[in-house]
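Report on the structure given below.
The values are calculated or read from the model by the stated rules, or taken from the named source; none is laboratory data. Source: prediction; values computed, not measured. Here the Cβ positions follow ideal geometry from the backbone for every residue, glycine too, while neighbour counts run over all protein chains shown. Keep in mind that these areas ignore ligands, DNA and RNA; they rest on the heavy atoms of the full protein, side chains included. Shrake-Rupley method; radii C 1.70, N 1.55, O 1.52, S 1.80 Å.
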Amino acid sequence: GSGVDVLASALGGVVSARFPRGLDDDGEVGAHPGFGGVPWAVLWSGTPARTSEMIGRVDGFRARDPAGFEAVLDAIERATRALDEALRAGDARAAVRAVAGHCAAMAELGDRAGAPVVTEPMRRLAARAEPMGAAVKPSGAGGGDVVIAVAQDADALEALLEGAAGCGFTKVPLAADARGVDRL
């Protein structure tokens, strides 16, 4: 993985990390303004995911179909950039569209790799979120364990959170901490 979760924990706040030359090269890390007023939440399925198994399957997809792999990666990158732009602008509707696009691209990656990047419960949650004006996407490598949700307004997020339990998800009480890791 990229280690962005470690960077965010150490630096605090919301971190922007870019890897223009790929994950094997040095990245560009900086502060991100955060969710810019876009309602968001983190959800947990109660079931941990094994990233190492999914990475092996995704690597197999990359070896079998390099062009297909690059096309899916491009879709993920476009959705990620769209989300970054929407959050910087505080545009909740654009953030919802970007998260839905990201989830769809991650689902395609998983489908083509034979890996549960977007699980069936997460697909049900995503389908339930759409008519509410909300969207969900896998966090990190996927696997359905941790899901990020965004919504066009607070009411849409609340409606999604109320229905999330029916898909097996519970809200994780999180907030961005501007300080990061600190010594006691």
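Ligands, DNA and RNA left out, the accessible area of region 22-65 computed with a 1.4 Å probe is 50% carbon and sulfur. Accessible surface computed residue by residue for the chain, with neighbouring protein chains in place and a 1.4 Å probe, gives 55 Å² per residue. The gain in end-to-end length when the Arg124 to Arg21 segment is fully stretched comes to 33.6 nm, 0.36 nm per residue minus the alpha carbon separation.
Surface composition of region 78-184: carbon plus sulfur atoms hold 53% of the accessible area, using a 1.4 angstrom probe and ignoring ligands, DNA and RNA.
Sites listed here are trypsin sites (Lys or Arg not before Pro) in region 1-73 whose DSSP assignment is loop and whose Cβ has at most 16 other Cβ atoms within 10 Å: Arg21, Arg50. Classified by the C-alpha gyration tensor, region 9-149 has an oblate form. Its axis ratio a/c, with a ≥ b ≥ c, is 1.5 or above, and a/b does not exceed b/c. Spacing of the modelled spin labels on Arg64 and Asp5, each 7 Å from Cα toward Cβ, amounts to 2.7 nm. In terms of its alpha-carbon gyration tensor, region 102-184 comes out oblate; a/c meets the 1.5 threshold, while b/c is at least as large as a/b. Specify whether the C-alpha gyration tensor of region 4-53 places it in the rounded, prolate or oblate class, a ≥ b ≥ c being the square roots of the eigenvalues: rounded for a/c under 1.5, otherwise prolate if a/b is larger than b/c and oblate if not. Taking the square roots of the gyration eigenvalues as a ≥ b ≥ c, region 4-53 is oblate.
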